[in-house]
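Trainee: Have a look at this one before I ask anything.
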Amino acid sequence: MCGIVGYIGSQREIKGFLIDGLRELEYRGYDSAGIAILQGSQLQICKAVGKLENLEKKCSSLVVHGFGVGIGHTRWATHGKPTELNAHPHMGEFSYVVHNGIIENFKELKEELDPSKFVSQTDTEVIVHLFERELERTSDPFQAFERTVSKLRGSFAILLITKAAPDTIFFGKESSPLIIGRDGEEIFFASSDAPLIGNAQEVYYLEDGEYGYAQKGSIRLFRGGEERVPTFQPLTLNKELAQKGGYRFFMEKEIYEQSDVIGETLMGRVKENRVEFEELDSRFFQGIESIRICACGTSYHAGLTGSYLMERLAQIPTTCEIASEFRYKEPLLRPDTLFIVISQSGETADTLEALKMAKKAGLRTLAICNVDNSSIVRLADATVLTRAGIEKGVASTKAFTTQVAVLWMLALYLGQGRLDQETLLREIDALLHLPGALKVRGELHERLKRLSKRYLHGHGFFFIGRDIFYPLALEGALKLKEISYLHAEGYPAGEMKHGPIALADPELFTIALMPRNLLYEKIKSNVEELSARDATICAISSIPFELADDFVKIEKQKHAMLEYFEMAVVLQLLAMEIAIRLGNDVDMPRNLAKSVTVE
Ligand code: M6R
């Protein structure tokens, strides 16, 4: 998804800062990039299609010393193809803009403007022409910007620079994240924390509807015409955490990290004989009769797992829905329903909109999220953070396992009044064994590396499981398809004979999740049916399975959830090793973005 950076100052080389900043945002996915730097009346602009290396090459002759203002952007195409003309910054006659989000009324606005001025197919370009038209009318750059922003509908994070005010960056935000950072007189902008780490000392997360302008050492912030004072907070994140640390890919690092970060997720929450959430007030849950969970992608798979756990442990009727479906189905929402949204980024447009709908209908809302201060966290009534740390790989790994852990704890938290003591203690004991279950064992990784070479062809994969292992099968299939580009489907094992078994042949690879602690005999007979039809079976279990063509042995766990987490690691590693063998960039798979901030 698109990324934004900006800088005002003289302490550092602006071009270097902008490109380094964009590199920090690469993981979000993009297909073109550009920067613009203004020093007095001198403008330098550079854009390129494809990777940042192309941009770097194109602007290698561009040297900037001394004070200047600069903006940069990585674009993930929505309106118009990924071409240089469509890349940001977009130019007017003397002004330049970068934008994340979508201007929904760009066609109407364009009709008011001179069509001969437009060179791109984007919605963004309308902003810069509108600004220049307003400037002709008011001759005050800030007023012109204020009027421009007030006419825009949709979602946007905008930085605009202009020769009419060459020492200034104008900014505006609506439903798309934008952060201002500062260190003394230097001012930074970015659409997420990563480019600011190690640069800005303190940050301000803009709120929807806020806009203003920044000049060397000063920031003026407004909303609805009223000036406001931004409350900056220290930026305490550590750069180390955002780097690869010796692993081949961020995804690999993040898979290995799970065993440690899960400790953070559990910390202070799992007590000797109960689960507590400091951030939640138990009165918040009073009178709750049902739960609706809403999310997208991997977070949806975590949510679906959570729906089984809620019903089983908390004994509260629970459903889980895909946010993009929920939004338009005209859902019946009852005020005694707890609405839970799950999101790694906290910026996913569909999930955010579903949350807005639930709030509007008067439901109590709870976010399970990895990014504090994200749009979803700011909007929800209550939040439980997953504490997974920055996740850079586009394919979600540690965000998923920490989400499931939070849902498991939440189910126990809501159920602990009803559950008998023995069950509760057994669950707590299992929770405390989570770091062990998530630890990547060297020999297991080696086995999966070797195994991966047998799964590079075929006409498709079926990942099958039952109960909570069904959502895990969905997640295993999603992981594989998003980074290997092979076709994969997750399926409830008991449902195979109702149709998909017709596909069974030796070129159909079945990854069977066979936990010893949950419905083992049932899944075993489902796998036997497939084996009898000559499907190629890769079984993941702690119990050897003689009909398997390949067998991945997990530890003999005493709780199904521990098997679940260990198998999650197996599926992540298997997908990664297959994708690596196929020569793919697993951190930045084609066509995907880390944070999907458009519908
Ligand atoms: O940030 P979110 O958790 O809201 O993102 C939801 C999905 O876009 C995300 O999980 C996506 O499916 C990942 N690429 C999965 O690996």
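The values are calculated or read from the model by the stated rules, or taken from the named source; none is laboratory data. Remember, it's a predicted structure, so these values are computed and weren't measured experimentally. Cβ: placed from backbone, ideal geometry, glycine included. Neighbour counts: every protein chain shown. For accessibility, only protein heavy atoms count, side chains too; no ligands or nucleic acids. Shrake-Rupley method; radii C 1.70, N 1.55, O 1.52, S 1.80 Å.
Trainee: Gap in Å between the Cα centre of region 108-166 and the Cα centre of region 1-47?
Mentor: That distance is 20 Å.
Trainee: Which of the DSSP-defined H helices in the chain satisfy a minimum axial length of 30 Å, computed from C-alpha atoms, and a minimum mean Kyte-Doolittle hydropathy of 1.0? Could the numbers behind the result be given before it?
Mentor: Details: long enough: 560-581 (31 Å, 1.30).
Length and hydropathy pass: 560-581.
Trainee: If Lys and Arg each add +1 and Asp and Glu each add -1, what is the summed charge of the other residues whose beta carbon sits under 10 Å from the beta carbon of Leu363? Can you show the working numbers first?
Mentor: Values: positive: Arg292, Arg334, Lys359, Lys360, Arg364; negative: Asp336, Asp381.
Charge balance in the 10 Å sphere: +3.
Trainee: Can you list which of the chymotrypsin sites (Phe, Trp or Tyr not before Pro) found in region 304-370 are DSSP loop residues with at most 16 other C-beta atoms within 10 Å?
Mentor: Counting only loop positions with at most 16 other Cβ atoms within 10 Å, the chymotrypsin sites (Phe, Trp or Tyr not before Pro) in region 304-370 are Tyr328.
Trainee: Would you calculate, for the chain, the mean residue ellipticity at 222 nm contributed by helices, counting each DSSP H stretch of 4 or more residues as -39,500 (n - 2.57) and dividing by all residues, to the nearest 500? Spell out each step's value before the answer.
Mentor: On the way: 17 runs with 198 residues, N = 599.
About -10000 deg cm²/dmol.
Trainee: Which Rg and Dmax, in Å, describe the Cα atoms of region 247-431?
Mentor: Gyration radius and largest Cα-Cα distance of region 247-431: 15.7, 49 Å.
Trainee: Let me ask another. Using alpha carbon centroids, what distance separates region 243-269 and region 470-491, in Å?
Mentor: Centre-to-centre distance over Cα atoms comes out at 21 Å.
Trainee: Name the shape class, rounded, prolate or oblate, that the alpha-carbon gyration tensor gives for region 3-243, where a ≥ b ≥ c are the square roots of its eigenvalues, rounded holds for a/c under 1.5, and otherwise prolate holds if a/b is larger than b/c and oblate otherwise.
Mentor: Details: a/c = 1.40, a/b = 1.15, b/c = 1.23.
Rounded, because the longest to shortest axis ratio a/c is under 1.5.
Trainee: Let me ask you something else. Please express the shape of region 560-599 as an equivalent ellipsoid: the semi-axes are the square roots of 5 times the eigenvalues of the C-alpha gyration tensor, given largest first in whole angstrom. If you can, show how the numbers build up before the last one.
Mentor: Values: eigenvalues 118, 63, 5 Å².
Values for region 560-599, descending: 24, 18, 5 Å.
Trainee: Just to compare against my own numbers: the Cα pair-distance distribution for the chain, 10 Å bins, whole % per bin, please.
Mentor: 3, 17, 25, 24, 17, 10, 4, 0, 0
Trainee: Express the Stokes-Einstein translational diffusion coefficient of region 40-163 in µm² s⁻¹, to the nearest whole number, given a Kirkwood radius over alpha-carbon pairs, 20 °C and a viscosity of 1.002 mPa s. Let's see the in-between values first.
Mentor: Details: Rh = 15.2 Å.
Using the Kirkwood radius from Cα pairs, D works out to 141 µm²/s.
Trainee: OK, next. How big is the dipole moment of the chain about its Cα centre under a simple scheme where the beta carbon of each Lys and Arg is +1, that of each Asp and Glu is -1, and everything else is neutral? Debye, nearest 20, please. Intermediate results must be reported in sequence, preceding the final value.
Mentor: On the way: 69 positive and 83 negative charges, 112 e Å.
Value, rounded to 20: 540 debye.
Trainee: How much length, in nm to one decimal, is gained on full extension between Arg283 and Arg454, taken as 0.36 nm per residue of separation minus their Cα-Cα distance?
Mentor: Working: separation 171, 0.36 × 171 = 61.56 nm, distance 5.38 nm.
My answer for the length gained is 56.2 nm.
Trainee: Modelling each spin label as a point 7 Å along the Cα-to-Cβ direction, I'd like the Lys244/Glu93 distance in nm, to one decimal.
Mentor: In this crude label model, Lys244 to Glu93 measures out at 4.8 nm.
Trainee: Determine the gain in length on full extension of the stretch Arg418-Arg223; use 0.36 nm per residue of separation and subtract their C-alpha separation, reporting nm with one decimal. Show your work: numbers first, answer last.
Mentor: Details: separation 195, 0.36 × 195 = 70.20 nm, distance 4.79 nm.
Gain in length upon complete extension: 65.4 nm.
Trainee: Rounded to the nearest 10 Å², what accessible area does Arg441 show when all protein chains are kept and the probe is 1.4 Å?
Mentor: Here the accessible area works out near 60 Å².
Trainee: Which FRET efficiency value, to the nearest 0.05, is calculated for Ser290 and Arg590 with the Förster distance at 56 angstrom and r the Cβ-Cβ distance? Provide the component values of the computation, followed by the final result.
Mentor: Details: r = 40 Å, r/R0 = 0.71.
Using R0 = 56 Å, I get an efficiency of 0.90.
Trainee: To the nearest 10 square angstrom, what accessible area does Arg228 show with a 1.4 Å probe?
Mentor: Counting only protein heavy atoms, the figure is 80 Å².
Trainee: Which one, Val384, Gly417, Ile340, projects farthest toward the positive side of the charge dipole computed for region 247-431 from Cβ point charges (K/R +1, D/E -1)?
Mentor: Ile340
Trainee: Given the whole protein assembly as supplied and a 1.4 Å probe, what does the accessible area of His559 come to in Å², nearest 10?
Mentor: The accessible area comes out at roughly 20 Å².
Trainee: Cysteines of the chain lacking any other cysteine beta carbon under 4.7 Å?
Mentor: Cys2, Cys294, Cys296, Cys320, Cys369, Cys538
Trainee: Find out how many positive minus negative residues lie around Thr402, taking Lys and Arg as positive, Asp and Glu as negative, among other residues whose Cβ is under 12 Å from that of Thr402. All intermediate terms of the calculation are to be shown ahead of the outcome.
Mentor: Numbers: positive: Arg269, Arg387, Lys398; negative: Glu254, Glu257, Asp260, Glu264, Glu391.
Charge balance in the 12 Å sphere: -2.
Trainee: Whenever you get a sec, line up Phe462, Phe94 from highest to lowest accessible area (probe 1.4 Å, protein heavy atoms). Display every interim value, and only then the final one.
Mentor: On the way: Phe462 5, Phe94 65 Å².
Putting Phe462, Phe94 in descending order of accessible area: Phe94, Phe462.
Trainee: OK, next. Could you sort out which of Lys497/Lys524; Lys15/Lys117; Lys524/Lys553; Lys151/Lys173; Lys151/Lys356 sit more than 21 Å apart by Cα distance in this structure?
Mentor: Values: Lys497/Lys524 14 Å; Lys15/Lys117 28 Å; Lys524/Lys553 15 Å; Lys151/Lys173 13 Å; Lys151/Lys356 23 Å.
Where the Cα-Cα span goes over 21 Å, the pairs concerned are Lys15/Lys117; Lys151/Lys356.
Trainee: Please state the relative contact order of region 3-243 as a whole percent: Cα pairs under 8 Å, 6+ residues apart?
Mentor: Answer for region 3-243 is 19 percent.
Trainee: Heavy atoms only, 1.4 Å probe, whole protein assembly: order Val261, Val586 by accessible area, highest first. Before the final figure, lay out each step's value.
Mentor: Details: Val261 20, Val586 0 Å².
Largest to smallest exposure gives the sequence Val261, Val586.
Trainee: Obtain the nm distance between the two label points defined at His79 and Ser542 by a simple spin-label model: each point lies 7 Å from its Cα along the Cα-to-C-beta direction.
Mentor: Calculated label separation equals 5.6 nm.
Trainee: Taking square-rooted eigenvalues a ≥ b ≥ c of the alpha carbon gyration tensor, is region 330-372 rounded, prolate or oblate, where a/c under 1.5 means rounded and, failing that, a/b exceeding b/c means prolate? Walk me through the intermediate numbers first.
Mentor: Details: a/c = 2.82, a/b = 1.76, b/c = 1.61.
Prolate, because a/c is 1.5 or more and a/b exceeds b/c.
Trainee: Nothing charged except the Cβ atoms of Lys and Arg (+1) and of Asp and Glu (-1): what's the magnitude of the dipole of region 247-431 about its Cα centre? Round to the nearest 20 debye. Present the calculation step by step, with values, prior to reporting the outcome.
Mentor: Values: 21 positive and 26 negative charges, 77 e Å.
For region 247-431, the charge dipole is close to 380 debye.
Trainee: Another question about this same structure. When a/c is below 1.5 the answer is rounded, else prolate if a/b is larger than b/c, else oblate, so apply that to region 440-599 with a ≥ b ≥ c taken from the square roots of the Cα gyration tensor eigenvalues.
Mentor: On the way: a/c = 1.44, a/b = 1.29, b/c = 1.12.
Rounded is the answer for region 440-599, as its axis ratio a/c remains below 1.5.
Trainee: Taking 7 Å along the Cα-to-C-beta vector as the label spot, tell me the Lys151-Lys329 distance in nanometres, rounded to one decimal.
Mentor: Label at Lys151, label at Lys329, 4.1 nm between them.
Trainee: Can you give the Rg to Rh ratio for region 362-507, taking only C-alpha atoms and Rh from Kirkwood? Walk me through the intermediate numbers first.
Mentor: On the way: Rg = 18.8 Å, Rh = 18.4 Å.
With Rh from the inverse mean 1/r over Cα pairs, Rg/Rh is 1.02.
Trainee: Under the 0.36 nm per residue contour assumption, what length would be gained going from the current alpha-carbon distance of Gln11 and Glu136 to full extension?
Mentor: Values: separation 125, 0.36 × 125 = 45.00 nm, distance 3.38 nm.
Extending this stretch completely gives an extra 41.6 nm.
Trainee: Further, regarding this structure: Put +1 on the Cβ of each Lys and Arg and -1 on the Cβ of each Asp and Glu in the chain; which of Gly494, Pro230, Ala354 then has its Cα farthest toward the positive end of the dipole?
Mentor: It is Gly494, whose Cα lies furthest towards the positive end.
Trainee: Take the alpha carbon atoms of region 391-464, find their center, do the same for region 523-599, and report the distance between the two centers in whole angstrom.
Mentor: The two parts, judged by their Cα centres, are 12 Å apart.
Trainee: Right, another one. Taking the Cα centre of region 440-599 as origin, sum charge times position over the Cβ atoms of Lys and Arg (+1) and Asp and Glu (-1), and report the length of that vector in debye to the nearest 20.
Mentor: Values: 20 positive and 23 negative charges, 65 e Å.
Once rounded to the nearest 20, the dipole reads 320 debye.
Trainee: Given a cut-off of under 8 Å on Cα pairs at least six residues apart, what relative contact order in percent is computed for the chain? Mind dumping the intermediate values first?
Mentor: Values: 1346 pairs, mean separation 70.0, N = 599.
It rounds to 12 percent for the chain.
Trainee: Please list Met267, Met561 in order of solvent-accessible area, largest first, computed with a 1.4 Å probe with all protein chains present. Show your work: numbers first, answer last.
Mentor: Numbers: Met267 110, Met561 5 Å².
If we order Met267, Met561 from most to least accessible, we get Met267, Met561.
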